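Structure first, then comments.
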């Protein structure tokens, strides 16, 4: 192999590595969220997952690696990864949330609060700039399914336009 071939191969490899690195969401913990929010208010996307959830893992490998989605949330949201079965005591917004044993598995009270008692994994919860719940969404979503939801809530379109009207107007517009 000549030196030009080696340079070409190395540049292709480095390009692929930087592309992969560029497609990662900067996940915060729930505790880090309050500090970040105090510095700059943003809307929040919380991925409520569990370690045993196969669909949660699939979202991590596909949905949360989509370049368009990742770029949008990086610019507009704080993103939090939260284990719905976290056994640690969590201090959030001046309250303590603890683990509640329940059958073979339990749940953290904060997950119960965020999901409005409808425990399902994966779930995505959106908060406004004041950390008030806008809407929880349960179940696996592809990037194509999630991106319109993120834009609808992230750009405050929900304040003046119904979801149906938004989807009808935005068909074909990505």
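The values are calculated or read from the model by the stated rules, or taken from the named source; none is laboratory data. Just so it is clear, the model here is predicted, and its values are computed rather than measured. When we count neighbours, we look across all protein chains shown, and the Cβ atoms used for this are built from the backbone with ideal geometry, even at glycine.
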- [ ] For the stretch 40-67, enumerate the residues that are part of a helix (DSSP H, G or I) and either modelled with pLDDT under 95 or buried (at least 19 other Cβ atoms within 10 Å of the Cβ) (or both).
- [x] 56, 59, 63, 64
- [ ] Could you please give the count of residues in the stretch 87-115 that are under 17 Å from the mean Cα position of the chain (by Cα) and in a loop (DSSP other than H, G, I, E, B)?
- [x] 1
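Being part of a loop (DSSP other than H, G, I, E, B), in contact with a strand residue (DSSP E or B) (Cβ under 9 Å, 6 or more places away or on another chain) and without any contact (Cβ under 8 Å) to a residue 24 or more places away in the chain is the filter here; which residues of the stretch 116-155 pass it?
Once the filter is applied, which keeps residues that are part of a loop (DSSP other than H, G, I, E, B), in contact with a strand residue (DSSP E or B) (Cβ under 9 Å, 6 or more places away or on another chain) and without any contact (Cβ under 8 Å) to a residue 24 or more places away in the chain, the stretch 116-155 yields 116, 118, 120.
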Open item on the list: Residues that are in contact with a helix residue (DSSP H, G or I) (Cβ under 8 Å, 6 or more places away or on another chain), modelled with pLDDT under 95, within 19 Å of residue 44 (Cα to Cα) and surrounded by fewer than 16 Cβ atoms within 10 Å (Cβ to Cβ): does the stretch 93-102 have at least one?
Closed with: yes
- [ ] Output the residue which, of all residues in the stretch 23-37 that are part of a loop (DSSP other than H, G, I, E, B) and in contact with a strand residue (DSSP E or B) (Cβ under 8 Å, 6 or more places away or on another chain), is surrounded by the fewest Cβ atoms within 10 Å (Cβ to Cβ).
- [x] 26
Open item on the list: Whether any residue in the stretch 68-76 is in a loop (DSSP other than H, G, I, E, B), surrounded by 13 or more Cβ atoms within 10 Å (Cβ to Cβ) and either out of contact with any strand residue (DSSP E or B) (no Cβ under 8 Å at 6 or more places or on another chain) or modelled with pLDDT of 95 or more (or both) is what I want to check.
Closed with: no
